[in-house]
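Peer 1: Just dropping this structure here.
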Amino acid sequence: TMPYGLKAVADYSVVAKAGGIRDMFGRTLPVEQSVSFSTDHRLPRLVLDNQVSVLEKDADSQLPIIVNNVSKVDLKYRTVTSAASQEGLSRSYTPYDVKDIAYAYPINVRELLGGRSGIVQGEMLSQPKTSDESRWFLSQVTPFSVHVKLGHFSSLAWVTSLSTGLPIEGATVSIVE
C-alpha cells in the first residue's frame, strides 16, 4: 500500500535499498531494487451522496454531485408541485472543464421546480458513462418538516418550520399515493 494518493498523469520511481525493507518473515532484500511506473488520468466518476434530499425553501442551497473527468450530466426527471405534476422532463449540465480533480458541482433543484416548493424525482446519467446504472434521486424543496408516527389504530403527524423549528399550528396533512 502506498502511504499517500498518487497524482494523475505522473511518473514515479521507487527505490528499495538492500537490507532496507523486511517482509513478514523478517527477510531483507539482498540487493537494491528499483521500479518506475506512470499513472494515467483518473477514471470518470459521478457520486451522488444525497440520493434523497430535502432543501429548505428559503435557504440558498443546492444538490451537490461530485464529478471527476465528466463532460456532461443528463437529468431525466419529473416534478410534483401543488399546482401540477409534469413527467418526461430532461436537463443537461456541463461541469467545469477540470481534469483529474473531483469537485462538487451544484444542481439547482429550485430551478427544476420553476421556483416553487415541490418534489423532483429522476435519474442522472453521465458522459462519459461512469457505471452501468443510472443514479436515482429524489429532492424536495419545502419550508416544512413533517414527522409521522404511523400506528395500527391511530397515527400522529408533527409539522414544523424548517427555518424556525416552531410547530405549524393547524397544518393540513394528507397522504398522496
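Peer 1: Which condition from (1) assigned to a strand (DSSP E or B); (2) exposed (fewer than 14 other Cβ atoms within 10 Å of the Cβ); (3) of a type in the set (Val, Ile, Thr) is the one that Ile101 breaks?
Peer 2: Just one mismatch for Ile101, condition (1).
Peer 1: I'd like the residue in the range 31-53 that is closer than 20 Å to Ile66 by Cβ and in a strand (DSSP E or B) and, out of all such residues, is most open to solvent (accessible area, probe 1.4 Å).
Peer 2: My answer is Arg45.
Peer 1: Among residues belonging to the range 87-98 that are surrounded by fewer than 16 Cβ atoms within 10 Å (Cβ to Cβ) and not charged (D, E, K, R), point out the one that is farthest from Thr142 (Cα to Cα).
Peer 2: Among them, the one singled out is Val98.
Peer 1: When only residues in the range 62-86 that are open to solvent by 20 Å² or more (accessible area, probe 1.4 Å) and among the aliphatic types (A, V, I, L, M) count, which is nearest to the chain's Cα centre (by Cα)?
Peer 2: Of everything passing the filter in the range 62-86, Ile66 is nearest to the chain's Cα centre (by Cα).
Peer 1: Could you list all residues from the range 151-162 that are under 16 Å from Leu55 (Cβ atoms) and out of contact with any strand residue (DSSP E or B) (no Cβ under 6 Å at 6 or more places or on another chain)?
Peer 2: Ser161
Peer 1: Here is a follow-up. Do any strands (runs of 3 or more DSSP E) entirely within the range 109-174 hold 1 or more residues that are under 25 Å from Glu87 (Cβ atoms), open to solvent by 40 Å² or more (accessible area, probe 1.4 Å) and without any contact (Cβ under 8 Å) to a residue 40 or more places away in the chain, and if so, which? Explain how you work it out, then say what you get.
Peer 2: On the way: elements: 118-127, 135-142, 144-149, 156-161.
Qualifying strands (runs of 3 or more DSSP E): 144-149.
The values are calculated or read from the model by the stated rules, or taken from the named source; none is laboratory data. On a predicted model such as this, the values are computed, not experimentally measured, just so you know. Counting neighbours? That spans all protein chains shown, and the Cβs are built from the backbone with ideal geometry, glycine included. Remember, those area values only see protein heavy atoms, side chains included, never the ligands or the DNA or RNA. Shrake-Rupley method; radii C 1.70, N 1.55, O 1.52, S 1.80 Å.
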